[in-house]
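The values are calculated or read from the model by the stated rules, or taken from the named source; none is laboratory data. Model, not experiment: these values are computed from the prediction. No Cβ is skipped: glycine too gets one built from the backbone with ideal geometry, and neighbour counts run over all protein chains shown. Quick note on the areas: whole protein, heavy atoms, side chains included, nothing else; ligands and nucleic acids left out. Shrake-Rupley method; radii C 1.70, N 1.55, O 1.52, S 1.80 Å.
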Amino acid sequence: MLKQILSKLPKKSSKSDNGDFISGNSNNFGNGTPRAQGGGSAASGKTNAMKRASSAVFPTSVVAGIEPLVSFKDVPNSEKMNLFLSKLNLCCVTFDFYDPSKNTSEKDIKRQTLIELVDFVASSPPSKFPEPAIFAMVRMCAVNLFRVFPPNYRSGGGGGGEQDDDEPMFDPAWSHLQIVYDLLLKFITSPLLDAKLAKKYIDHSFILRLLDLFDSEDPRERECLKTILHRVYGKFMVHRPFIRKSISNIFYRYVFETEKHNGIAELLEIFGSVISGFALPLKEEHKIFLGRALIPLHKPKSLGVYFQQLSYCITQFIDKDPKLASIVVKGLLKYWPITNSQKEVMFLGELEEILEATNMLEFQKVMVPLFSRISCCINSSHFQVAERALFLWNNDQILNLIGHNRQQILPIILPALERNINGHWNQAVLNLTLNVRKIFQEMDELLFVECQTQFREDEARLPLIAKQRQATWQRLENAARLQPVTTAVLVTQSPTSPAH
C-alpha cells in the first residue's frame, strides 16, 4: 500500500538526472502537489518501510542509484548534492495531519528526512548550491508551506475585539511545518547560496505567497515568517522595494477595507528594523508610507494588538527626520479616539514619546490644536485618561517646550484645570491637577493671574450666553408654529428629459 501511496509523486526525467535544470518558475511550485491519501498501516520494520518508500518514490534509475533515505555521511562528497535533490523531492509529498492515525510511518519518514536536510544545509555543503538545488528547495517549501486559509480560520478582527480571550488556532501540521521553516531560513542565510542565482526562484510571486502566510492564526508560524522575510529583505536587495510596497498594500487593505489580519504586529516589527536602516535624507517614498500607511493604522479598533510595534516605527521615523514630528501629531489628532478611552490612553502615551523627540519649531506648528485636545483629556470623566494627560507635565522635555510657549498654552489649559478642581470625582486626578496648576503658577505668576481672571469672566458670562441661546431657540419654535403645514411632493425628472 505504501508503494501505491507514494508512487503518485511525479518522477524526474532522466535529463534532469545528469544535472540539466528543469525549466519552470515559482508560479507553478504549488500546482499538482502530490498528497498521500488513506490510512498507513504500520510496517513490519522501520528500516524495511523506509527502503520500500525510497524505491517507490525514487527508482534506482532516477539519481544514479542514490537512495533518498541513506544518510549524507554514507555517500561521497561528489554525490551529496544528488542526494540532497532526492531528499527534497521526497519531502514534496504532503499528508493529512487532521487525522493523526493516517500515514503515521510515512509522516515519520518525511520528518526524519527534513531534519537531515536541515543538518546538511547548516553544516556547510561541500560546494555552492547549484541551480537545480535552488529550484528543488524553493519548490519543496512552496508545496509544503503555501496554502489558503479557510474563511472561518480567522477569529474575525485581528484581535482587539470581543474575542481577545480566545485561544489561537494551532496548525496540526506544525511538527513538519516548523522544520520546513527552519530549513528555508538556514538555506537563505547560507553563505553558499548565490543571491544573484536564487533571485530567479525566490521571486515576486514567492514573496507574495510568503506574505499571505502572515495571516496565519498560529503565532509560532508568524514568528518564523517574520525572521525569514527579514532575512530575504537583507539578502535580496533587488526585492526590497517590492517587499515594502507589498507590505504597504497589506496595511492599506487592513485599514481601509477589512480590518482583519493576524500578522500586522509581525509586519510592523519587520518594518521597525527596516526603517532604522533608511539612508538620509529620507526618500519621498518613505514619507508617503508614513503618512498613508503607518499613521492610518491608528484608526482600527484592534490597535492594541500591534500598538507597541507601530509606536516604535513612528518614533524611528522621527529620529531619522525630526521635521516629521508635526505631520505625525496632526495625524494622531485626525484619528483621535473620542469615544474609546482605552485607545485614548495609548494615544497619550505615544504622544509623550513623540514630543520627547520634537524640536521647538515643529512643536510650535501643532501646539494649539494639540493642547486643545489635551485639555479635553484632562476633563475626561475616565480617570485613566485624565491621569495620563496630566502625567505629561512630569516629562522634563515636554515641560521645557510648554515653558517656552506658555503664552499660547496656558490660556488653553487653565480652564480645564479649574474645571477639574471645581468638580472632578477622582481624588488622584484632583491632586495631579493641583500640581500642574502650581507648576504654571510658579512658571509665570502674572500670566497665571491674567488667565485666571479671564476664565472667571468667561464663566460669569455662561448663564447669560445660555439664556440667549434658549431665547433664540424659542423664537425659532414660535416662527415654525406660524408656518402652514404643507405636504412635500417628490418630483422626479423623466429619463428622456434633457439635462440642464
- Message: Criterion first (modelled with pLDDT of 95 or more and open to solvent by less than 20 Å² (accessible area, probe 1.4 Å)) does Phe278 satisfy it?
- Response: no
- Does Lys245 qualify as being open to solvent by 60 Å² or more (accessible area, probe 1.4 Å), part of a loop (DSSP other than H, G, I, E, B) and farther than 27 Å from Met360 by Cα? no
- Note on the structure: Restricting attention to segment 364-402, the residues that are part of a loop (DSSP other than H, G, I, E, B) and either more than 17 Å from Lys438 (Cβ to Cβ) or of a type in the set (D, E, K, R) (or both) number exactly 4
- Item | Selection from segment 85-125 of residues that are within 18 Å of Lys186 (Cα to Cα) and hydroxyl-bearing (Ser, Thr, Tyr) | Thr113, Ser123, Ser124
- Could you run through segment 285-316 and say how many residues are within 17 Å of Gly263 (Cβ to Cβ) and either open to solvent by 10 Å² or more (accessible area, probe 1.4 Å) or charged (D, E, K, R) (or both)? 6
- Query: Among Phe214, Phe206, Phe236, which is the only one that is open to solvent by less than 30 Å² (accessible area, probe 1.4 Å), closer than 23 Å to Phe187 by Cβ and in contact with an Asp or Glu (Cβ under 7 Å, 6 or more places away or on another chain)?
  - Reply: Phe214
- Among the numbered conditions (1) open to solvent by 20 Å² or more (accessible area, probe 1.4 Å); (2) in a helix (DSSP H, G or I), tell me where Thr339 comes up short. (2)
- Note on the structure: In segment 227-256, anything over 18 Å from Ser273 (Cβ atoms) and either among the hydrophobic types (A, V, I, L, M, F, W, C) or more than 15 Å from the chain's Cα centre (by Cα) (or both) is listed as Val238, Val255, Phe256
- Could you give me the residue pairs with C-beta distances under 8 Å whose first residue belongs to segment 217-231 and is under 11 Å from Tyr181 (Cα atoms), whose second residue is among the small types (Gly, Ala, Ser) wherever it lies, and which are 6+ apart or on separate chains? Arg222/Ser216; Arg222/Gly263; Leu225/Ser216; Leu225/Gly263
- Query: If the Cβ limit is 9 Å and pairs must be 6+ apart or interchain, which residue in segment 252-264 that is open to solvent by 30 Å² or more (accessible area, probe 1.4 Å) pairs with which residue that is assigned to a helix (DSSP H, G or I)?
  - Reply: Tyr252/Arg292; Tyr252/Ala293; Tyr252/Pro296; Phe256/Pro296; Lys260/Asp215; Lys260/Tyr254
- Message: What are the pairs with Cβ atoms under 6 angstrom where one residue, in segment 167-191, is in contact (Cβ under 8 Å) with a residue 24 or more places away in the chain and the other, located anywhere, is surrounded by 15 or more Cβ atoms within 10 Å (Cβ to Cβ) and assigned to a loop (DSSP other than H, G, I, E, B)? Sequence gap at least six, or different chains.
- Response: Pro168/Glu217; Met169/Glu217; Phe170/Asp218; Asp171/Asp218; Pro172/Phe97; Ala173/Phe97
- Flagged in segment 103-151 as open to solvent by 60 Å² or more (accessible area, probe 1.4 Å), out of contact with any Leu (no Cβ under 6 Å at 6 or more places or on another chain) and among the charged types (D, E, K, R), in numbering order, are Arg111, Asp119, Arg147
- Item | Verdict on Leu361 being surrounded by 15 or more Cβ atoms within 10 Å (Cβ to Cβ) and in a helix (DSSP H, G or I) | no
- For segment 274-297, state whether one or more residues are touching a residue at least 24 places away in the same chain (Cβ under 8 Å) and farther than 29 Å from Gln364 by Cβ. yes
- Note on the structure: How many residues of segment 394-408 are under 37 Å from the mean Cα position of the chain (by Cα) and surrounded by 16 or more Cβ atoms within 10 Å (Cβ to Cβ)? The answer is 3
